[in-house]
1. Can you tell me what share of the DSSP beta bridges in the chain is antiparallel? A percent to the nearest 5 is fine.
2. With θ set to phi - 60°, apply the Karplus curve 6.51 cos²θ - 1.76 cosθ + 1.60 along region 67-72 and write out the HN-Hα couplings as whole Hz, x wherever there is a Gly or Pro.
3. Under 5 Å between amide H atoms, partner at least 5 residues away or on a different chain: which partners does HIS58 have, H built in plane at 1.01 Å?
4. How big is the gap, in Å, between the Cα center of region 189-225 and the Cα center of region 112-136?
5. Can you list the HN-Hα couplings for region 186-194, worked out from phi with the Karplus curve (6.51, -1.76, 1.60; θ = phi - 60°), rounded to whole Hz and with x for Gly and Pro?
6. Beyond 21 Å, what share of the Cα-Cα pairs of region 96-248 remains, rounded to the nearest whole percent?
7. Tell me, what is a quarter of the convex hull surface for the C-alpha atoms of the chain, in nm² with one decimal?
8. How charged is the neighbourhood of ASP192? Take every other residue with its Cβ under 15 Å from the Cβ of ASP192, and add Lys/Arg as +1 and Asp/Glu as -1.
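Every read-out reported here was derived from the displayed coordinates using simple, explicitly stated rules and does not represent laboratory data. Keep in mind that what you see is a predicted model, and the values were worked out from it rather than measured. Cβ coordinates were reconstructed from backbone atoms using ideal geometry, including for glycine residues, and neighbour counts include every protein chain displayed.
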Amino acid sequence: MQILTALEPLRTALATLKSGDNSNHPGDRPPLALVPTMGALHEGHLTLVREAKRRAAHVVVSIFVNPRQFGPGEDLATYPRQLEADAALLEAEGVDVLWAPTVEAIYPRGYATTVQVGGLDAVLCGAARPGHFDGVATVVTKLFNQVQPDVALFGEKDWQQLAIIRRMARDLDLTHPHADRIVGVPTVREADGLAMSSRNKYLTAEERTAAPAMNRAMRAAAAQIAAGEPVADVLAVLRDTVLAAGFHRVDYADLRDAETLEALTVPGPGPARLLVAAHLGKARLIDNVAVGGGQTC
Ligand code: PAF
C-alpha cells in the first residue's frame, strides 16, 4: 500500500494503477474505487473498504480530517487521529493507496471555492450545524477531482450526507463517479444495535450502556409508523423515550423522504427514513432506519 500526502505523487500512482502496470486484480470491474474517510477507522469503514474491493480492481482510501466541516466550538481539535493504526488496518485489507493529504493539498493558500447543495443542506444536521454540508460537499468534490474514482462508497449512517453527495453528483454532471456510482453501504452496528461511529469514543462507560436505547426506540417507532400509527404521536414518544434514556438533547427526530429529505407527516409512496440526532454526554449521535419496505437497517 502506498501512503501519499501530496497531489503529484498521487496522480502518478493512480495513472500507474489505471494503466494496469501494478495490477494483480484481473476481471471486468471498473478500475478505481474511493472510500473517503476522516480516519479513526472502525469496522464500519472496513466494511466500506471490503465492498469497494468487490466493486473495483483498485481501492483508494482517503483520510482527511476536514476543517471546513467542523463549526466553531465543535470537536475539530479533539477528533481522534491515529494515522499509523489506520494505515495498518488498510494495509491488512489490501488497499492500494492511502491518500492522506496535507491541509495544503486540499486547501492551498488563497483557496476560495465552496460547493453548496441548496435545500438539502438546510434541514436535519444542516440546521443544527450551519455550514457543515458546505464543508462536506466541497471536500468530497476535491477528493473526486483528485482521485477520479469510477465508484465511491459512503456509509448509510450519514444518510443526509449520502443524499447530498448524490444530488451534487447529479447536479454537477460528475462523471467520476456519477450519481449511480455513489454507493451507500448499510450501517454497521455493535451487537446491541449502536451504530458504529468514530465519535462513540467520546462516550463514558455509563453513556455507552445507555446509547443503544436510541436505536431501539427508533426501530419501535419505525414499526409503529409502518403499521399506520399517527406519525406526529410516534415521533413525540420517540423523543421522550430518547430523553428518558439519558440523552440530554434531541436535535431532531423526523420522518423524511429518503431521497429529497422532505418532511413527511404520513409515509409517502416512496421510501421513507426515520432520522434522529441526539446528544449524550460529549457525543452527538446520529442514526437512521428505513420505514416500511421490510428493511430497518
Ligand atoms: O463521512 C465522513 O467521514 C466525512 O464527512 C467525509 C465524507 C469523509 C468528508 O470529509
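1. Close to 50 percent.
2. Ordered by residue, 3J(HN,Hα) equals x, 6, 9, 10, x, x Hz.
3. LEU32, ALA33
4. 25 Å
5. x, 4, 9, 10, 5, 4, 8, x, 5
6. When all Cα pairs of region 96-248 are counted, 60 percent exceed 21 Å.
7. Mean projected area for the chain: 15.7 nm², to one decimal.
8. -1
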